[in-house]
1. Against the definition (modelled with pLDDT of 95 or more, closer than 25 Å to His239 by Cβ, small (Gly, Ala, Ser) and out of contact with any strand residue (DSSP E or B) (no Cβ under 7 Å at 6 or more places or on another chain)), how does Ser45 come out, yes or no?
2. Which residues, taken from the stretch 220-237, are within 18 Å of Thr67 (Cβ to Cβ) and either under 18 Å from the mean Cα position of the chain (by Cα) or at pLDDT below 95 (or both)?
3. Conditions first: (1) out of contact with any Gly (no Cβ under 8 Å at 6 or more places or on another chain); (2) in a loop (DSSP other than H, G, I, E, B). His231 passes all but one, so which condition is the exception?
4. Report whether or not Ile176 is among the hydrophobic types (A, V, I, L, M, F, W, C), at pLDDT 95 or above and surrounded by fewer than 21 Cβ atoms within 10 Å (Cβ to Cβ).
5. Checking Ile42 against (1) within 17 Å of Val242 (Cα to Cα); (2) β-branched (Val, Ile, Thr); (3) under 17 Å from the mean Cα position of the chain (by Cα), which single condition isn't satisfied?
6. Among the listed residues Thr199, Thr212, Thr182, identify the single one that is surrounded by 15 or more Cβ atoms within 10 Å (Cβ to Cβ), out of contact with any Pro (no Cβ under 8 Å at 6 or more places or on another chain) and hydroxyl-bearing (Ser, Thr, Tyr).
7. In this structure, does Lys236 turn out to be in contact with an Asp or Glu (Cβ under 9 Å, 6 or more places away or on another chain), within 22 Å of Val165 (Cβ to Cβ) and not acidic (Asp, Glu)?
8. Yes or no: the stretch 67-83 includes at least one residue that is among the aromatic types (Phe, Trp, Tyr), in contact with a Gly (Cβ under 6 Å, 6 or more places away or on another chain) and within 30 Å of Asn220 (Cα to Cα).
Amino acid sequence: MLNTAKSTDQLIFDGAFETGDATQWEELHYNTHHDKNRQFSIVSSPTREGKFAAKLTVHDNDQYADTSGERCDLLRPEKYDEKEGDEFWYAWSTLFPESWQAPQDWFVIADWHSRYDDVCQLLQIEVSTDNALIAKVLSGDVTDYHCFNGAARPATFSTEKNIAVALTPGLWNDFIVHVKWTTKPDGIIEIFYKNEDQTHFEKVVNLRHIPTLQYQSDINQPLSPYFKLAHYRSSKNSHTSVLFHDGFRQGKTRQSIVSGGLYELGDID
């Protein structure tokens, strides 16, 4: 049974937008050829909790610097990056508005990104072309791995899991992610999910006895991932897409991420 003791003092990063801005985040990545307000704004409606949420918009050709794809991403401060032996809980909510169109290719809404050159994300939450919500994991030894053309080694762990068969535009989606971060084969990734019409979270991903950090050759020298709360999509998409994020938090215990009655798991084995 998971520990349910109150531990709100264990909240280490509050990335919600109750300051009325995004100053908690280190950087906003967007098409800098235009004013940032074209892609990013703080709104008072819709919200999942509190007074404010973030609205992220991506148009055709909204490329950030010389990176791939099109995006409007929030980068978490580096001091919160995950290291060997860390165990964290994360929570946030994402709304796809009623005008939402399914993507034509890959579409990422949150990701723990590799710091190795040309290696794909360690853990990412995606929307598929048929509007399923998917978790992808790439961890362990990623020596000689090349993104989109990966030759996995025996010590590379890779998998894809469904979070929801189909999202419902117009409803907030609530995510809780629990990870024990390690290069050793005793890591944990749990993902709990519900939409706002549902009363209880369901554990939709339960990965155990796996590495959860990436390393190259030396298992004792992993690079920490960085995290983005994202609106990041393939350049094969040409339509304008909008989504809303709210409530992001990172803590050391499951109780530390609870906000009022939101992100409360109850008794889950």
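1. yes
2. Within the stretch 220-237, Pro225, Tyr226, Phe227, Lys228, Leu229, Ala230, His231, Tyr232, Arg233, Ser234 qualify.
3. Checking His231 against (1) out of contact with any Gly (no Cβ under 8 Å at 6 or more places or on another chain); (2) in a loop (DSSP other than H, G, I, E, B), the one that fails is (2).
4. no
5. Among (1) within 17 Å of Val242 (Cα to Cα); (2) β-branched (Val, Ile, Thr); (3) under 17 Å from the mean Cα position of the chain (by Cα), the lone unmet condition for Ile42 is (3).
6. That would be Thr212, the only listed residue that is surrounded by 15 or more Cβ atoms within 10 Å (Cβ to Cβ), out of contact with any Pro (no Cβ under 8 Å at 6 or more places or on another chain) and hydroxyl-bearing (Ser, Thr, Tyr).
7. So Lys236 does not fit the description; no.
8. No, the stretch 67-83 contains no residue that is among the aromatic types (Phe, Trp, Tyr), in contact with a Gly (Cβ under 6 Å, 6 or more places away or on another chain) and within 30 Å of Asn220 (Cα to Cα).
The values are calculated or read from the model by the stated rules, or taken from the named source; none is laboratory data. Values in this document were obtained by computation on a predicted structure and should not be read as measured data. Positions of Cβ are backbone-derived with ideal geometry, glycine not excepted, and every protein chain shown enters the neighbour counts.
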